[in-house]
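What follows is a set of notes on a single structure, which appears directly below.
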Amino acid sequence: MAYISDGSFRRLLDILQDGYEVYLPVKKGEQRFYRRYDGSFDDVVIGEVRAFEPLKAFFTRAREVVAQDFKPGVPHAQDRPLAIIGVKACDLKGFKVQDHVFADPDLQDPLYIKNRKENLIISADCTCAIDTCFCLALGITPFPAQDYDINLSTVRGGFLVEAASEKGRALLAKHKTLFEEAKREQEGDRDRLRAKVKARVEENIKREKVPSQDLFEGIIERSFESPMWDQEAKACVECGACTLICPTCHCFLLYDQKDEARMARLRAWDSCMFKDYARVAGGANPRPKLWMRLRNRFDKKFNFFPQVAGVYACTGCGRCISACPAKIDIRKVLKRLVENA
Amino acid sequence: MPDTNPYRPVKTEVLDVITETPTIKTLRLKPEEAISFRTGQFIELTVPGAGEAPFTPSSRPSQKEVLEVTVMRVGKVTEKIHQLKKGDTVGLRGPFGNGYPLDDFKGKEILVVGGGCGFAPLRSLMYSLFEIRSEFKNLLFRGGCKNPQEFLYRDEIFDWTKKKDLDIELTVDKGDPTWKGKVGLVTVIIEGADMDYKKGIAIVCGPPIMMKFATKKLLEMGFLDANLYLSMEKNMSCGIGKCGHCRIGTHYACKDGPVFRYDQIKDCHEIWD
């Protein structure tokens, strides 16, 4: 296993800037956000926990042009690929869902495919947990196991480094002078920190009584007619934050803009919580009530995706819990669903 | 050249606009790049700047250069479509979805049931069925509309009544002095159709409420779930199963439909709404 010192890591970031636009997590107050790397390092937090924004934001933009006039070809917002640093394990699981949707071999989305192919993912172990973290309930550990190019584990003075893709291995080989052989005690330090963070997430799960995904089979169908949906949706203000901030949610709205000179087709993230989401022009709406749309959100995550993609579309990142102004808590809903069994 | 961008519309000329009824128009469209579709597949029609909406072409698929869509004025985009004139430029994407599996119908008795605006996709289907009529044992058509004013393709469909190899009955919910045919719901004229219900195919297309009651009636008559083909009207947008809006259970109407066998969707929630 390789080790990179903090100093060499900064050199690596500078080198990466030649081929990539580099984004890395920084801390502002109690939150972490991605910022474009400009050489300064004061507010950077590679470890800690997931950023405020979901990783999907680098692969399907919150709003982007998908076609212009009647011109063939694919418009792209970015000239250079992105290197995204400090991605956490929960966000990486989002790829299981996003890839299923946008990289379906029969019906590919060219914008997503390009980003997925060209962007570089340098993930990192979580070095702490916050109260809303519950990744373990979804079968994810707070340190990446797959779907990264390179992973960083914070140790004293630098990081342990592992590659999990051709792209990652090539990068390590190309810049091998920046890396050293890791020492056995560094690996021990890494394992102890991993165990500590894992224990912290376990505490969360115990405190909130979050059920494990092993108990999720059939929970939606069994509670489809339950009065719980109406109760859970009582305080919902239909803001859509839970879906927009979710690393697995993928729905978008296509719309057109036109001025004198040109026409552009855009797509913007959309939310199944919005009233008109499934409404047709004729007026029919399969889900006119807010509670039906809340139920549909869970149906999509815990019934649709396991059937079509073999994965629950939740990563335990807890973003929807923090984002909800009505305090709708996905952990409590899951607990009720499992208890209704 | 195959286009790699599924979101890009093909520049298309409006050749003609035909007023069908007070609320329905048919557009004859000539895309710059030919769009070849199977009957029952749909396209997305763009009015530049206003957006796009899904329609199943009402023309014959074998007519490759020009396709026709029949549009009821109900929403924002269809309002703009109704303002289009000959020579205007629009966009087309597609075709999307599965269309009708004509090969599966061969050798069988086929009952086509249409309501209102559902005549649009069904006209395309009927053209296709007429072309290979000898391959079916029997062909029946049952069509209903709210009133004679809104009877789509009225002259053309009345011409079908002269066909010897088509068993056809038409009705309106509410008649007027110009109407010489039957009065009553379409579910009433389905009853008694002269065919073997257990083995026959039924194809239904119309407004959700009509679809619901026609399906109920056909099941009562003895049609099998797997022999009932329904055109599901959902909010299809991207056409390629990405944007999420048209989900029915584990399917997307845009890529797995819009034509579904009843057995594929009968256990899904919210199908008639």
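Overview of values
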read-out: Projected label distance in nm at A:ALA261 and B:GLU220, using a 7 Å step from Cα toward the beta-carbon; value: 6.3 nm
read-out: 5 angstrom amide H check on B:LEU139, placed H, neighbours 5+ away; value: B:ILE110, B:ASP167
read-out: All aspartates and glutamates inside 17 Å of B:LYS212 as judged from Cα atoms, apart from same-chain residues fewer than 8 positions distant; value: B:ASP173, B:GLU191, B:GLU220, B:ASP225, B:GLU233, B:ASP263, B:ASP267, B:GLU270, B:ASP273
read-out: Averaged over A:67-78, number of beta-carbon atoms from partner chains that fall within 10 Å; value: 4
read-out: Directionally averaged projected area (convex hull, Cα atoms, chain A), nm²; value: 19.7 nm²
read-out: Whole-Hz couplings from phi, Karplus 6.51/-1.76/1.60, listed for segment B:114-126; x for Gly and Pro; value: x, x, x, 5, x, 4, 4, x, 6, 5, 4, 4, 4
read-out: Which listed pairs, of A:LYS71/B:LYS76; B:LYS162/B:LYS198; A:LYS27/A:LYS196; A:LYS167/B:LYS242; A:LYS206/A:LYS332, have C-alpha distances above 20 Å, in listed order; value: A:LYS71/B:LYS76; B:LYS162/B:LYS198; A:LYS27/A:LYS196; A:LYS167/B:LYS242
read-out: Summed residue charge, Cβ within 11 Å of A:ASP149's Cβ, Lys/Arg positive, Asp/Glu negative; value: -1
read-out: The protein assembly as shown - charge dipole about Cα centre, Lys and Arg +1 at Cβ, Asp and Glu -1, debye rounded to 20; value: 740 debye
read-out: In order through segment A:285-292: 3J(HN,Hα) via Karplus (6.51 cos²θ - 1.76 cosθ + 1.60), integer Hz, x for Gly, Pro; value: 9, x, 9, x, 9, 4, 5, 5
read-out: For segment A:156-190 versus segment B:225-273, the gap between their alpha-carbon centres in whole angstrom; value: 49 Å
read-out: Shielding by other protein chains, A:277-289, mean Cβ within 10 Å; value: 6
read-out: Only Lys, Arg (+1) and Asp, Glu (-1) charged, at Cβ; segment A:1-148 dipole about Cα centre in debye; value: 80 debye
read-out: Check: chain B dipole with +1 on Lys, Arg Cβ and -1 on Asp, Glu Cβ, in debye; value: 180 debye
read-out: For segment B:197-214, Karplus couplings with θ = phi - 60° (6.51, -1.76, 1.60), whole Hz, Gly/Pro x; value: 4, 5, 10, x, 9, 10, 10, 10, 8, x, x, x, 5, 5, 4, 4, 6, 5
read-out: Theoretical ellipticity at 222 nm over chain B - DSSP helices of four or more residues, -39500 (n - 2.57) apiece, nearest 500; value: -5500 deg cm²/dmol
read-out: Interchain or long-range residues, amide H under 5 Å from A:ILE328's placed H; value: none
read-out: Average beta-carbon neighbours from other chains, 10 Å sphere, peptide B:45-54; value: 4
read-out: Point-to-point label distance, B:ASP16-B:LYS106, nm (Cα→Cβ direction, 7 Å offset); value: 3.3 nm
read-out: Calculated FRET efficiency for the pair A:LYS167/B:GLU135, C-beta based, R₀ 35 Å, to 0.05; value: 0.05
read-out: Sorted by Cβ density within 10 Å, fewest first, the residues A:LYS300, B:LYS106, B:LYS162; value: B:LYS162, B:LYS106, A:LYS300
read-out: In range of the label at B:LYS180: residues from segment B:125-158 whose backbone nitrogen is under 12 Å from the point 7 Å along Cα→Cβ; value: B:158
read-out: Per-residue [θ]222 nm for chain A (sum of -39500 (n - 2.57) over DSSP H runs n ≥ 4, rounded to 500); value: -9500 deg cm²/dmol
read-out: Of A:VAL338, B:ALA50, B:PHE151, farthest towards positive along the dipole that unit charges on Lys, Arg, Asp, Glu beta carbons give the protein assembly as shown; value: A:VAL338
read-out: Lysines whose Cα lies under 20 Å from that of A:LYS289, excluding same-chain neighbours fewer than 8 positions away; value: A:LYS234, A:LYS275, A:LYS300, A:LYS301, A:LYS327, B:LYS234
read-out: No Cys partner within the rule (Cβ under 4.7 Å), chain B; value: B:CYS117, B:CYS145, B:CYS205, B:CYS246, B:CYS254, B:CYS268
read-out: Neighbour-count order for A:SER223, A:SER165, fewest beta carbons within 10 angstrom listed first; value: A:SER165, A:SER223
read-out: Cβ-based charge dipole, segment A:215-299, positive-most Cα from A:LEU294, A:GLY282, A:PHE216; value: A:GLY282
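Throughout, read-outs are computed from the coordinates displayed, never taken from laboratory work. As the structure is a prediction and not an experimental result, all values here were calculated from the model. Neighbour counts are summed over all protein chains in view; Cβ atoms, including those assigned to glycine, are modelled from backbone coordinates with ideal geometry.
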